[in-house]
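The values are calculated or read from the model by the stated rules, or taken from the named source; none is laboratory data. From a predicted model like this one, the values you see are computed outputs, not experimental measurements. Quick reminder, even Gly has a Cβ in these numbers, built from the backbone with ideal geometry, and neighbours come from all protein chains shown. Remember, those area values only see protein heavy atoms, side chains included, never the ligands or the DNA or RNA. Shrake-Rupley method; radii C 1.70, N 1.55, O 1.52, S 1.80 Å.
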Amino acid sequence: MSTIKLITGIPGRRSREWMRRRENAVPRAAYHVTPIFIARAEGAVIEDVDGNRFIDFAGGLGCLNVGHRAPGVLAALRAQLDRYLHSCFHVTPYEGYVRLAERLNALTPGDFPKKTLLVNSGAEAVENAVKIARAYTRRPAVICFEDAFHGRTLLTLSLTSKTHPYKSGFEPFVSDVYRIPYAYCFRCAYSLEYPACRVFCAHHLEDTFKRVVAAESVAAVIVEPVLGEGGFVAPPPEFLPVLRDICGRHGILFIADEVQTGFGRTGSLFACDRYAVEPDLLVTAKSLGGGLALGAITGRAEVMDAPAVGALGGTFGGNPLACEAALAVLEMFNAAPGGNKSAHDPVDLVARANWVGERFRVRARDWQARWPLIGDVRGLGAMQAIELVRAPGSRQPAEAETEAVVRQCYEHGLIVLSAGTYANVIRLLVPLVITGEQFEEGLAALERALESVCESKSRADGGTLPAH
Ligand SMILES: Cc1ncc(COP(=O)(O)O)c(C=O)c1O
């Protein structure tokens, strides 16, 4: 039975009415990918205010690895609703915060004493990671990467790479931030080929210390283990370990931003596990809260304790409801190997992430063989993407075509997101609880959208559909 159910044109009348009100009441800068107003959601399915039903490949921008309204999360929230909503950890501390810190300390990579600070968002977590690194090392500089995304507050925007629409007009940025190329092999900054390049881009960090900023001035290198907004680029296996090693040799902290990659997305609880690296500080948010706003910085105890008493925190950071939701999320992942599955959610989400990723890759490779529009298929675990190009081998970004695919998808019942510095990547952020049938139905909708865009492009280019 089909999950997608469209009873009106998209957007329907009610969504259109709300969009008119939204345009009057909310600034245009707070963009939205679809014109659909949500009414309710469950698992990997969204229903809009007109009664249309969509399959969700976006997961609230990667926040719903455990699905919409995961039963375990709802049960934890209901129990907390009957106790208290807010007290502020700095006024009267509460158990949930400490329990969650203990769980994250135990589950994050690295067998050394750790501590965790809880905050409200990914950007706030990144900000705090940088503050902690500066306090510990007593050094000012931070090295980040091209195509990185670390948030929209002024420090995190300084670390974020993409100029339009994120940075333009918001200058000046924070000083002592230096940017080097990521291991984006499809668009290698040095025009090299992996593996012959021997991950030159990672070793080049040593050169940066000679030419750009002295190693002894650098507090931290911050890196996404797989680029998120920058286009779902999974680096070669050596990239992160080489960076980690260079940092270690110079007393520089290695910060892994796992805001988008964390909690099963890449086929292990954290992407750092896949690359066998142990960061000094690991930053999480998005899917940690199971749909509630929560961010965390987990790191070496001596590093986390560098700032003085009272130097870190915030009114709502690690609020009680979000902590209970996150504890339920971690229980769903059943992260202790061999542990019992949660009574609420018997799905092995990490195994599911790998299944989703493999299934997507098989289909996407087939699309790539059929349509030159698909320049690259890549990813790790369920964090998969296709990069669209205007002509085979050209690497010229097909931005308009990508936008058309996203639009065709939601008009036909599938919500999917683009990504990439050139806005030419279609990325998969599907809730990992999606059923096999729903996933196949979503892939079929994506395939139809790609086919239709390829056909129109071919007509516009004045030829028949070119084959490879
Ligand atoms: C890797 C990464 N870091 C940080 C952020 C910022 O998170 P937030 O939007 O919760 O501030 C994002 C958001 O997309 C992200 O993908």
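A few points about this structure:
- Check on ILE252, more than 16 Å from the ligand (Cβ to nearest atom) and either closer than 29 Å to PRO431 by Cβ or surrounded by 24 or more Cβ atoms within 10 Å (Cβ to Cβ) (or both): yes
- Of the strands (runs of 3 or more DSSP E) lying entirely inside the stretch 338-447, not one contains at least 2 residues that are of a type outside the set (A, V, I, L, M) and without any contact (Cβ under 8 Å) to a residue 24 or more places away in the chain.
- Listed by first and then second residue, the pairs linking a residue in the stretch 293-307 that is open to solvent by 10 Å² or more (accessible area, probe 1.4 Å) and away from the ligand (no atom under 15 Å from the Cβ) to a residue that is outside any strand (DSSP E or B) and of a type in the set (A, V, I, L, M, F, W, C), with Cβ atoms under 7 Å apart and 6 or more places separating them unless they lie on different chains, are ARG300/PHE112; MET304/ILE132; ALA306/ILE132; ALA306/ALA135; PRO307/ILE132; PRO307/ALA135.
- Verdict on ARG265 being of a type in the set (Lys, Arg), within 11 Å of the ligand (Cβ to nearest atom), in contact with a strand residue (DSSP E or B) (Cβ under 7 Å, 6 or more places away or on another chain) and within 30 Å of ARG69 (Cβ to Cβ): yes
- The stretch 1-26: number of residues that are open to solvent by 90 Å² or more (accessible area, probe 1.4 Å) and part of a loop (DSSP other than H, G, I, E, B): 2
- Exclusive hit being surrounded by fewer than 20 Cβ atoms within 10 Å (Cβ to Cβ), among the hydroxyl-bearing types (Ser, Thr, Tyr) and closer than 30 Å to GLY60 by Cβ, set THR208, THR153, THR160: THR153
So that you can scan it fast, the table gives a plain yes or no per residue for (1) open to solvent by less than 30 Å² (accessible area, probe 1.4 Å); (2) over 22 Å from the mean Cα position of the chain (by Cα); (3) closer than 30 Å to ASN334 by Cβ:
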{"position": "VAL350", "(1), (2), (3)": "no, no, yes"}
{"position": "VAL356", "(1), (2), (3)": "yes, no, yes"}
{"position": "ARG359", "(1), (2), (3)": "no, no, yes"}
{"position": "ASP366", "(1), (2), (3)": "no, yes, no"}
{"position": "ARG370", "(1), (2), (3)": "no, yes, no"}
{"position": "MET383", "(1), (2), (3)": "yes, no, yes"}
{"position": "LEU388", "(1), (2), (3)": "yes, no, no"}
{"position": "SER394", "(1), (2), (3)": "no, yes, no"}
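- LEU417 vs. criteria under 18 Å from the mean Cα position of the chain (by Cα) and within 22 Å of ILE10 (Cα to Cα): yes
- Yes/no for ALA214 being surrounded by fewer than 24 Cβ atoms within 10 Å (Cβ to Cβ) and either within 16 Å of the ligand (Cβ to nearest atom) or within 30 Å of LEU77 (Cα to Cα) (or both): no
- Some residue of the stretch 47-59 being part of a helix (DSSP H, G or I), at negative phi and either within 15 Å of the ligand (Cβ to nearest atom) or of a type in the set (Val, Ile, Thr) (or both): no
- Candidates PHE170, PHE186: the one that is among the aromatic types (Phe, Trp, Tyr) and more than 18 Å from PHE239 (Cα to Cα) is PHE170.
- Unmet criterion (only one of (1) within 15 Å of the ligand (Cβ to nearest atom); (2) part of a strand (DSSP E or B); (3) not hydroxyl-bearing (Ser, Thr, Tyr)) for ALA125: (2)
- Test: residue in the stretch 98-111 that is open to solvent by 70 Å² or more (accessible area, probe 1.4 Å) and of a type in the set (Gly, Ala, Ser): yes
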